[in-house]
Amino acid sequence: MEIKRNLRKERVGVITSSKMDKTVVVSVERKVKHPKYGKFVKFTKKFHAHDEENYCNAGDTVRIMEIRPLSKTKKWRVVEIIERAK
């Protein structure tokens, strides 16, 4: 019998803070077209993500994946670092 898991959500964003231990704050930006005026509007959402080795730094572009809750605010995990900060 094969066990199926739901697909987990993934987001790509930029780390805004890495001051906490094993936790980073990732800002994910998305552009949505306004329904009436047609202009694209930016929306930014912040996620707390788990970084086990404290490997990420502020300014890095990372991919995060949804996981089970690790704390009150932490429900995401850093999967990979796409680009390092310059």
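The values are calculated or read from the model by the stated rules, or taken from the named source; none is laboratory data. Since we're looking at a predicted model, the values are computed, not measured. Note: ideal-geometry Cβ built from the backbone for every residue, glycine included; neighbour counts use all protein chains shown.
A quick yes/no check of all residues on (1) in a strand (DSSP E or B); (2) at pLDDT below 95; (3) acidic (Asp, Glu):
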position	(1), (2), (3)
Ile3	no, yes, no
Thr16	yes, no, no
Lys19	no, no, no
Val41	yes, no, no
Lys46	yes, no, no
Ala49	yes, no, no
Cys56	no, no, no
Ile64	yes, no, no
Ser71	no, no, no
### Query
Going by the conditions given, is Val32 surrounded by 15 or more Cβ atoms within 10 Å (Cβ to Cβ), free of Cβ contacts under 8 Å to residues at least 60 places away in the same chain, in contact with a strand residue (DSSP E or B) (Cβ under 7 Å, 6 or more places away or on another chain) and not in a loop (DSSP other than H, G, I, E, B)?
no
### Query
Can you tell which of Val24, Val12, Val79 is surrounded by 17 or more Cβ atoms within 10 Å (Cβ to Cβ), part of a strand (DSSP E or B) and not aromatic (Phe, Trp, Tyr)?
Val24
